[in-house]
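Each value in this text was obtained by applying a stated rule to the coordinates, not by laboratory testing. The structure presented is a predicted model; accordingly, all values stated were derived computationally and were not measured. Here Cβ is always computed from backbone atoms with ideal geometry, including for glycine, and neighbour counts include all displayed protein chains.
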Amino acid sequence: MFSFLIRGAQVIDGSKREPFRGDIAVENGLITEVSPSIKDGGKTVIEADGLVAAPGFIDIHSHTDLTIFKHPLAESKALQGVTTEVIGNCGIGAFPLIQEQKSVLIDYLKMHDFHLPSDGLSWNNFTQYADQLDRIGLGLNLAPLVAHGALRIAILGAEDRVPSDRELKKMKALLKESLEQGAWGLSTGLIYPPGSFAKTEELVDLAKIAADYGALYTSHIRGEGTTLMEALDEAIQIGKKSGVRVEVSHLKAMGRDNWGRGKEALLKLEKARQSGVDIAADQYPYNATSTSLTALVPSWAHAGGVSELLRRLASPETAERLRTEILLEMNKRGGPGRIVIAEIGSEKNVGLSGKNIGQIGELWQCAPERTVMRLLFEEKAAVGAVYFSLSEEDVAAILSSDQVSVGSDGTGMKAEDDFGKSTHPRSYGTFARILGVYAREKGTLPLAKAIHKMTGLVASRLGLKNRGFIKPGYTADLVLFDPLTIQDRSTFDHPHQYAMGVVYTWVNGCPVVQEGIITGNTPGRVLRKRTVSSHS
Ligand SMILES: [Zn+2]
């Protein structure tokens, strides 16, 4: 097994403790000793003079659920020192799957630019999905959440209504089953249908189950712009009424009118914590968001699923109302010039990737809102977009909070394969950017605190035992990086560029990055939460 000694590193242990110079011994995948000087005892020695040794980074907000089948080494993450990704976020996930609703789930995943594995979705529940992932051989660990969207689709399809008592019971049972099988929590995406169809009561009922299992509730809340405060109030209510630990996903203040409200949002969370709600947030360090182009479409137009949305886009009865509402939402998010098309599937339109809605409108001689509708119609609603709608001041203010973890909101990618496609740089740069830009260049975030936001804090939020800290007995998920050179290189114009400065990444004690190069090793696995309901 893997036994080695890291010698003379600046150790940052995942708590907020100051760095100290020391050695770290690893045996059989576990950290066995951490101290100023350890005898090598015949072990391989890695000289780490001038390098920082930290716990492997835990990406609390990832969407690698299906891309992992294509890129099982998750290169863009490994080269940033990420050793575990929390997947199934924003209510979007690949289980539970009920065969009768399979096509609805597939439409839903495609709408979010999730690419299906070559043999489709060949599982029904958490265990089968996790087993399938373990079989392909993973470069890093995955900690899946139960996605509320998938859960709702399993019972209600794409219907826009309140579940009956019987249906709610079924949803709860499915959630329970997933948590018992080892899922780490429940996620919601309340701007995306079918999550947007759910009333607060439904979410409280489900969150109670998560609370019973000591699991986390993560939420892409119901509004991140004008209605940010109301949306935070809903998340707080869910925490208060259910007793669940709440994680507000990718906290931000979207749209020029809301710039400056980041601090107000933090204050609201702080007040809620003081009143006894265990609520925190995560964030990616960029001033642009990225999601489906359908985020511009009002919720009512999604009822019944993608086929119904396409019908409404084309029907004269609904097209007019859609035009007005899409234009309104587009302007809230910064206007057509600030919305850039990323992922696009069809051969015909692939050249539009990287262009903004205004530019495409000019090309098509078409008003911006009609351009959006035509794009959605031609691509069957599967269009990814980047929205330049945040302010750097808010990003920095939110980052400074001790309660905010780092999460990429991206996926594990491979530059060599994905080259040429437009995407958000966060998949390649999030963690390196925090360390290179905020900790080093700007100096606004002390290194130990930055690391804590990616490791110890996340492990605590998640209830992840034995990871997230450098301590004897803990699993050897570790990263060794150069604090003077670590840097993101991925940009909006040229996203498929790996971060630099990570020398080693070890997953479960095995190197997945060695001397800055991907080794091809697959020591990762799906982490399964050992859990007992407090009611059983
Ligand atoms: Zn989200």
remark   = Note on the stretch 193-288: contact order normalised by length, alpha-carbon pairs under 8 Å, 6 or more apart, percent, works out to 28
request  = Relative to the longest principal axis of the C-alpha atoms of the chain, give the angle of the C-alpha long axis of helix 316-332, reported between 0 and 90° and rounded to the nearest 10°.
outcome  = 40
inquiry  = Distances longer than 19 Å among the Cα atoms of the stretch 90-198: what percent of all pairs is that?
reply    = 40
ask   = Mean shadow of the stretch 152-280, computed from the convex hull of its alpha carbons, in nm²?
value = 7.6
The chain, relative contact order [Cα under 8 Å, separation at least 6], % = 23
inquiry  = Which of 26, 404, 479 has the fewest other C-beta atoms within 10 Å, and how do the rest follow up to the most?
reply    = 404, 26, 479
key: Cα-based equivalent ellipsoid of the stretch 440-517: semi-axis lengths in Å, sorted from largest, via gyration tensor   = 24, 17, 12
task = Kindly write out, for the stretch 135-143 in residue order, the coupling ³J(HN,Hα) from the Karplus curve 6.51 cos²θ - 1.76 cosθ + 1.60 (θ = phi - 60°), rounded to whole Hz, with x marking Gly and Pro.
result = 5, 6, x, 9, x, 9, 8, 10, 10
ask   = Between the stretch 327-396 and the stretch 57-96, how many Å separate their Cα centres?
value = 25
message = Under 25 °C and 0.890 mPa s, how fast does the stretch 1-108 diffuse according to Stokes-Einstein, given a Kirkwood radius computed over C-alpha pairs? Answer in µm²/s, whole number.
response = 146
inquiry  = With 10 angstrom as the radius, rank 510, 90 by how many other C-beta atoms surround their C-beta, starting from the fewest.
reply    = 510, 90
task = Would you mind classifying the stretch 145-197 by shape? Square roots of the alpha carbon gyration tensor eigenvalues, ordered a ≥ b ≥ c; an a/c under 1.5 is rounded, otherwise it is prolate if a/b is larger than b/c and oblate if not.
result = oblate
inquiry  = Out of all Cα-Cα pairs in the chain, roughly what percent, to the nearest whole number, are more than 47 Å apart?
reply    = 7
key: Computed [θ] at 222 nm, deg cm²/dmol, the chain (DSSP H ≥ 4; -39,500 (n - 2.57); rounded to nearest 500)   = -9500 deg cm²/dmol
ask   = In whole angstrom, how far apart do the alpha carbon centroids of the stretch 117-180 and the stretch 274-313 sit?
value = 19
note = In this structure, among 102/268; 355/442; 110/332; 263/465; 70/170, pairs with alpha-carbon gaps over 29 Å are 102/268; 355/442; 263/465; 70/170
Compactness relative to 2.2 N^0.38 Å, alpha carbon Rg of the stretch 246-361 = 1.33
key: Cut-off 13 Å between beta-carbons: net charge of the residues surrounding residue 126, Lys and Arg +1, Asp and Glu -1   = -2
